[in-house]
Amino acid sequence: MCDKGRGMCICDGCKAYFCTRHFNEHRQQLSMQFDRDVVKIHDDLLEQIHSVKQPNIVSDDLCAQIDDWETSTIVKIKKVAQLARHQVIQLFSQETQSLTENLGTVADEIRTLLKEDSFAEDDIERLQLNLNQLRKSLDQQSQTENVKLIIDNRIDWNRLIYAEKQKVASTQPLNTRSEQRSVIPTTK
């Protein structure tokens, strides 16, 4: 503010009147304040943004989480695959066990008939029929058509893991255009 009492220029921001010399000093102070309080903060913020843009800062942590998820998912898939293999082996083992038990029963009867030497044509036909049925069962067991794998392909792989921007509540909207203020020279 000019102490001469008469100002030829008015600052639209602070509404003070200045003579030309003091008006120029006031503008110089505003320019230094603008550089310090606005331009420097802008430049610092821009530098921070450029350092964050480097993918190795923030994304390294996120990529590590993705890698961990990938590893744990592969482990889970391998466990499920191993369980399915075990189920296949168990199904074939059960059939083999059943065939072995049935063949054992036939073998006991054959030994008994041989030991007692008490067999006739109908025993031979019946035992041949039993052995042929066991052979057919064995042949069918060795075919994989008897066991069916149920594979559920309804997995939406694109939704198992994905990245999205979190919504952050802002206290006030970002307004890059504030009121236009200018310094207008006036005459009194």
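The values are calculated or read from the model by the stated rules, or taken from the named source; none is laboratory data. In this text, all values refer to a predicted model and were calculated from it rather than measured experimentally. All Cβ positions, even for glycine, are placed from backbone atoms using ideal geometry, and neighbour counts span all protein chains on display.
A few comments on the model shown:
For every residue, the table says whether it meets (1) over 22 Å from residue 165 (Cα atoms); (2) assigned by TED's automatic domain parsing to the domain that holds residue 147; (3) of a type outside the set (A, V, I, L, M).
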{"residue": "68", "(1), (2), (3)": "no, no, yes"}
{"residue": "80", "(1), (2), (3)": "yes, yes, no"}
{"residue": "88", "(1), (2), (3)": "yes, yes, no"}
{"residue": "100", "(1), (2), (3)": "yes, yes, yes"}
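- Any hit, the range 51-72, residues being of a type outside the set (Phe, Trp, Tyr), assigned to a helix (DSSP H, G or I), under 30 Å from residue 134 (Cα atoms) and in contact with a helix residue (DSSP H, G or I) (Cβ under 7 Å, 6 or more places away or on another chain): no
- When residue 95 is tested against the conditions (1) under 30 Å from residue 133 (Cβ atoms); (2) modelled with pLDDT of 90 or more, the lone failure is (2).
- From the list 39, 106, the one residue that fits, being at pLDDT 90 or above and not assigned by TED's automatic domain parsing to the domain that holds residue 133, is 39.
- Looking at 127, 149, 131, just one residue is farther than 30 Å from residue 64 by Cα, among the aliphatic types (A, V, I, L, M) and at pLDDT below 90, and that residue is 149.
- Residues (surrounded by 10 or more Cβ atoms within 10 Å (Cβ to Cβ) and either in the same structural domain as residue 94 (by TED's automatic domain parsing) or among the charged types (D, E, K, R) (or both)) located in the range 137-162: 137, 138, 140, 141, 142, 144, 146, 147
- Boolean, residue 166 is over 30 Å from residue 82 (Cα atoms) and surrounded by 11 or more Cβ atoms within 10 Å (Cβ to Cβ): no
- Long-range neighbours under 9 Å by Cβ, at least six apart or interchain, first residue in a loop (DSSP other than H, G, I, E, B) within the range 127-147, second among the polar types (S, T, N, Q): 147/87
- For the range 110-117, the criterion of being more than 30 Å from residue 87 (Cβ to Cβ) and outside any helix (DSSP H, G or I) is met by at least one residue.
- Candidates 112, 73, 105, 96, filtered to the one that is in contact (Cβ under 8 Å) with a residue 60 or more places away in the chain and either on the phi < 0 side of the Ramachandran plot or surrounded by 11 or more Cβ atoms within 10 Å (Cβ to Cβ) (or both): 73
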